[in-house]
Amino acid sequence: MITALAPPSLAGVATSIASIITALTVLVGAIVGGVKVLMPLLRETRRNTAQLGVIHTLVNSTLTAALQSELDATRREEMLLRELMGMRADAGQTISDGQRGALTQIRVKIEMLAQAMSDRRAQQQIADVQIQTEREREERLG
């Protein structure tokens, strides 16, 4: 046997709607409260990120300058050793195995440093694009 349900009373519907409105009001209040708590944290995070970016740039530029300085010094060392070896050859003296070995090691070091500088330049280009993208995103977000 099927029992017919009585239609809901107007008072019951009104009570249900009032309960739903109250629940939504509480939920919206919680969301607004959460946003108020999160906004200062977001601002602080942005400031910290910007400061870390500055620190990274300073460290990166200092390391790049140090690598470039070492590369320049090693090239000068190679030039001086070649000059010494040339003077010894002009004077009829033999070039020692130690000098030949040192020249080989210097060449390897120059290649390593030159590659490191090339890698750093490539990484810096990538970082520059990422920094610019982040700045543009922050400008859009305000």
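The values are calculated or read from the model by the stated rules, or taken from the named source; none is laboratory data. Quantities reported herein were computed from a predicted structural model and do not represent experimental measurements. All Cβ positions, glycine included, derive from the backbone under ideal geometry; neighbour counts span all protein chains shown.
Selection of the stretch 59-76 for residues being at pLDDT 95 or above, hydroxyl-bearing (Ser, Thr, Tyr) and farther than 16 Å from residue 115 by Cβ yields only 69.
Scan 83, 70, 44, 77 and give me the residue that is of a type in the set (D, E, K, R), over 22 Å from residue 122 (Cα atoms), surrounded by 10 or more Cβ atoms within 10 Å (Cβ to Cβ) and in contact (Cβ under 8 Å) with a residue 24 or more places away in the chain.
On the way: 83 fails: in contact (Cβ under 8 Å) with a residue 24 or more places away in the chain; 70 fails: over 22 Å from residue 122 (Cα atoms); 44 fails: in contact (Cβ under 8 Å) with a residue 24 or more places away in the chain.
Going through 83, 70, 44, 77 in turn, the sole match is 77.
Among the candidates 116, 73, 66, 89, single out the residue that is farther than 30 Å from residue 138 by Cα and touching a Leu at 6+ places or on another chain (Cβ under 7 Å).
On the way: 73 fails: touching a Leu at 6+ places or on another chain (Cβ under 7 Å); 66 fails: touching a Leu at 6+ places or on another chain (Cβ under 7 Å); 89 fails: touching a Leu at 6+ places or on another chain (Cβ under 7 Å).
Just a single option satisfies the conditions, and that option is 116.
The residue pairs whose first member lies in the stretch 112-134 and is more than 14 Å from residue 56 (Cα to Cα), whose second member is modelled with pLDDT of 90 or more and aliphatic (A, V, I, L, M), and whose beta carbons are closer than 9 Å, counting only pairs six or more residues apart or on different chains, are 113/67; 113/71; 114/71; 116/67; 116/71; 117/67; 117/71. Restricting the stretch 47-64 to residues that are of a type in the set (Val, Ile, Thr) and surrounded by 11 or more Cβ atoms within 10 Å (Cβ to Cβ) leaves a set whose member that is nearest to residue 135 (Cα to Cα) is 49.
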